[in-house]
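Encoded as structure tokens, the structure appears first; notes follow it.
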Amino acid sequence: MFTAGYLGNPESIKMQPALTFQFERAVSEYALWKAVPVEARSDAAAWWWGTAIAAVDEKTAMPVEWCATLGVTLY
């Protein structure tokens, strides 16, 4: 489980361990999928959406490594 301070909130917020595990897996699978050239890779896996929808209301900051993998800009 990871923790992170949220903007304006000095307390640590923790994501559920199961969701953390699922999201970490999705990020890893995405990185592997993205590494395959566009013309050679299959469509994106549908199960990624379930994990993304489950995490949409989370207030926990993503680890920097995950942000880099997903191409999320850090401000």
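Any idea how many residues of the range 30-61 are of a type in the set (A, V, I, L, M, F, W, C), surrounded by 14 or more Cβ atoms within 10 Å (Cβ to Cβ) and out of contact with any helix residue (DSSP H, G or I) (no Cβ under 8 Å at 6 or more places or on another chain)? Total satisfying the criteria: 2.
Within the range 30-49, does at least one residue satisfy the condition of being modelled with pLDDT under 85 and touching a strand residue (DSSP E or B) at 6+ places or on another chain (Cβ under 7 Å)? No, the range 30-49 has no match at all. Scanning the range 62-75 for residues that are at pLDDT 80 or above and in contact with a helix residue (DSSP H, G or I) (Cβ under 7 Å, 6 or more places away or on another chain) yields W66, T69, L70.
The values are calculated or read from the model by the stated rules, or taken from the named source; none is laboratory data. The structure displayed is predicted, hence computed values, not measured ones. Every residue, glycine as well, gets a Cβ built from its backbone with ideal geometry; the counts of neighbours run over all protein chains shown.
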